[in-house]
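Peer 1: Take this structure first; my questions come after.
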Amino acid sequence: MSYGLILNSPNDVFKALPSVDKALQSEVLRSVVEEFGHDAVKKAVRYKLDEKRKLIVNGDQSLCNAVVKKRYFDQFCREIANHVRGSFASTLLSVINLTGTVVHTNLGRARFPEEVMAVIKTVATQATNLEFDLVTGKRGDRDFHIERSICEITGAEAATVVNNNAAAVLLVLNTLAQGKETIISRGELVEIGGAFRIPDVMLSAGCILKEIGTTNRTHLRDYESAISVNTGLLMKVHTSNYEIRGFTNSVPEEELSELSHQNGLAFVSDLGSGTLVDLSQFGLPQEPTVSEILKKGADIVTFSGDKLLGGPQAGIIVGKKDLVSQIKKNPLKRALRVDKITIAALSAIINLYKDPCRLKERIPLLGDLARPIEEINALAERLMPIFDDHLKLRAKVSIEECKSQIGSGALPLDLLSSKAIVLKPIAKKGQTDFMLQKLAADFRQLPKPVIGRIHDGKLIFDLRCLQNETELQRQLSLLPI
Ligand SMILES: *Cc1c(COP(=O)(O)O)cnc(C)c1O
């Protein structure tokens, strides 16, 4: 027997619990019913009543004491209201990306331009000719809506689109080399992150990995001597997120394509990020464009829609007409195909590339990458006193130079000069790390979470990707002191 003073028997307390009907008709819940519907609120009331009964049976004294009081009814109804609102709230929130990684996979990669949103809205809310040929009145092909533009911009003969670039690689390998060997340099057997590893994708695609050369050096003769009757194709993979330096050698695309064609094989290049324009015009490091790789003789090139292109998640496959049409006929294509929203978004993005002079202004990703340092400096100067004002009891605030990354495996070593607001927690000895983690967590828990990066005992907010200064200021004012 517990020593506590039992004022009420469970039965008395049960009787004091609000009834479902009474709760639903309460002042507090009437508006909640209006907003979320009768059934959802009723379910929540039942759920909470059940929960309370269990607690009462288990002898929760403070609850027993509360329930028999008159004001418990209002308290209970408010609890229901919060529960219902919470269960309808989206967990997918917009955040402020101050990590310094511009194309951040965990933060949703590219932001869409306004032009794209208008197109998406129409396509999403109305019936469309997605797979309907308006000339013949017969079934059409969804690729029809993007293929011409992609070909125009890349110089490819044909194109098709799937769910992401991982799917593009899978589909190409499965179509062109199932049951056969794919020859690839050891130096290109990369892991991109999120469990995309070239050897594993080959296995899933049903082809046999034939690795050649060494980690740092692979020569044309390595490819030559690996070709046999079992060969399906030759492949080159962009080593996106790492770079081998020093005593290295890899074989240029021109030579690989020549060797492939002499042997009647296809040469496939997975570009990963894939860019359609020369990025050096924005002061960015040069990357081979998709059309350059095609000109160098690649039969198929795969690249991503939401990395350097700045569009929706998609994998784009371009190249020779006969190969692309084989790829389109693969039953896996049906499983990996994109929906109408992606097609609409991609086609709108690609159209923007037809006017290269305005890309920086129109594609948010390219705008972020090319953002002038003077602009970031000015932002830092304006925001520094505001950060200091809100955080002076918790951290020492300063402006520091930093380097932004392009991200998502694009150009890993090329860092862009930027400016950051840097917070160094004020803490007792031995508490610094705890206070730093707490500070970062408080920023993450804001209504619009602010995501920075922790490095060297400091919380760093790289301002390169900050869109809305006022919004950040508002979030700062909500931060616990
Ligand atoms: C990123 C990347 C992929 C995977 O692309 P997703 O669009 O993320 O599926 C494949 N290959 C390379 C070389 C990459 O960089």
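The values are calculated or read from the model by the stated rules, or taken from the named source; none is laboratory data. Since the model is a prediction, treat every value here as computed from it, not as a measurement. In this analysis, Cβ positions are derived from the backbone assuming ideal geometry, glycine residues included, and neighbour counts consider all displayed protein chains.
Peer 1: Here is a list: PHE196, PHE132. Which entry is of a type in the set (A, V, I, L, M, F, W, C) and more than 16 Å from the ligand (Cβ to nearest atom)?
Peer 2: Result of the check over PHE196, PHE132: PHE132.
Peer 1: OK, next. Can you find a residue in the range 354-370 that is within 21 Å of the chain's Cα centre (by Cα), within 16 Å of the ligand (Cβ to nearest atom) and either within 29 Å of GLU471 (Cβ to Cβ) or not charged (D, E, K, R) (or both)?
Peer 2: yes
Peer 1: Look at the range 106-118 and say how many of its residues are assigned to a helix (DSSP H, G or I) and within 17 Å of the chain's Cα centre (by Cα).
Peer 2: Total meeting the criteria: 2.
Peer 1: Scan the range 364-382 and give yes if some residue there is in a helix (DSSP H, G or I) and over 30 Å from LYS419 (Cα atoms), otherwise no.
Peer 2: No, because not a single residue in the range 364-382 is in a helix (DSSP H, G or I) and over 30 Å from LYS419 (Cα atoms).
Peer 1: Okay, next question. Do you know which of the residues in the range 90-117 that are in contact (Cβ under 8 Å) with a residue 40 or more places away in the chain and small (Gly, Ala, Ser) is surrounded by the fewest Cβ atoms within 10 Å (Cβ to Cβ)?
Peer 2: Once the filter is applied, the top-ranked residue is SER94.
Peer 1: Here's a follow-up. Return the residues of the range 135-170 that are away from the ligand (no atom under 16 Å from the Cβ), closer than 15 Å to GLY319 by Cβ and among the polar types (S, T, N, Q); say none if nothing qualifies.
Peer 2: THR154
Peer 1: I've got another one for you. Identify all residues within the range 187-207 that are in contact with a Gly (Cβ under 8 Å, 6 or more places away or on another chain) and modelled with pLDDT of 95 or more; write none if there are none.
Peer 2: GLY206, CYS207 - these are the residues of the range 187-207 that are in contact with a Gly (Cβ under 8 Å, 6 or more places away or on another chain) and modelled with pLDDT of 95 or more.
Peer 1: May I ask you to list pairs of residues, at least six apart or on different chains, whose Cβ atoms are under 7 Å apart, with the first in the range 248-261 being of a type in the set (Gly, Ala, Ser) and the second being at pLDDT below 95 and in a helix (DSSP H, G or I)?
Peer 2: SER250/GLY187
Peer 1: Can you find a residue in the range 66-83 that is exposed (fewer than 11 other Cβ atoms within 10 Å of the Cβ), free of Cβ contacts under 8 Å to residues at least 24 places away in the same chain and either within 42 Å of the chain's Cα centre (by Cα) or within 30 Å of LYS448 (Cβ to Cβ) (or both)?
Peer 2: Checked against the condition, which is being exposed (fewer than 11 other Cβ atoms within 10 Å of the Cβ), free of Cβ contacts under 8 Å to residues at least 24 places away in the same chain and either within 42 Å of the chain's Cα centre (by Cα) or within 30 Å of LYS448 (Cβ to Cβ) (or both), the range 66-83 yields no hits at all.
Peer 1: Can you work out which of the residues in the range 256-279 that are part of a loop (DSSP other than H, G, I, E, B), within 28 Å of LEU415 (Cβ to Cβ) and away from the ligand (no atom under 15 Å from the Cβ) is nearest to the chain's Cα centre (by Cα)?
Peer 2: LEU276
Peer 1: Something else about it: Do we find a residue being away from the ligand (no atom under 14 Å from the Cβ), of a type in the set (Gly, Ala, Ser) and part of a helix (DSSP H, G or I) anywhere in the range 290-298?
Peer 2: yes
Peer 1: For GLU292, work out the one condition from (1) without any contact (Cβ under 8 Å) to a residue 24 or more places away in the chain; (2) within 21 Å of GLY274 (Cβ to Cβ); (3) touching a helix residue (DSSP H, G or I) at 6+ places or on another chain (Cβ under 7 Å) it doesn't fulfil.
Peer 2: (3)
Peer 1: Within the range 231-255, can you find the residues that are of a type outside the set (Lys, Arg), more than 17 Å from VAL172 (Cα to Cα) and away from the ligand (no atom under 16 Å from the Cβ)?
Peer 2: Listed by number, the residues that qualify are GLY246, PHE247, THR248, ASN249, VAL251, PRO252, GLU254, GLU255.
Peer 1: Conditions: (1) touching a strand residue (DSSP E or B) at 6+ places or on another chain (Cβ under 9 Å); (2) of a type in the set (Gly, Ala, Ser); (3) closer than 30 Å to ARG371 by Cβ. ALA298 meets all but one. Number of the miss?
Peer 2: (3)
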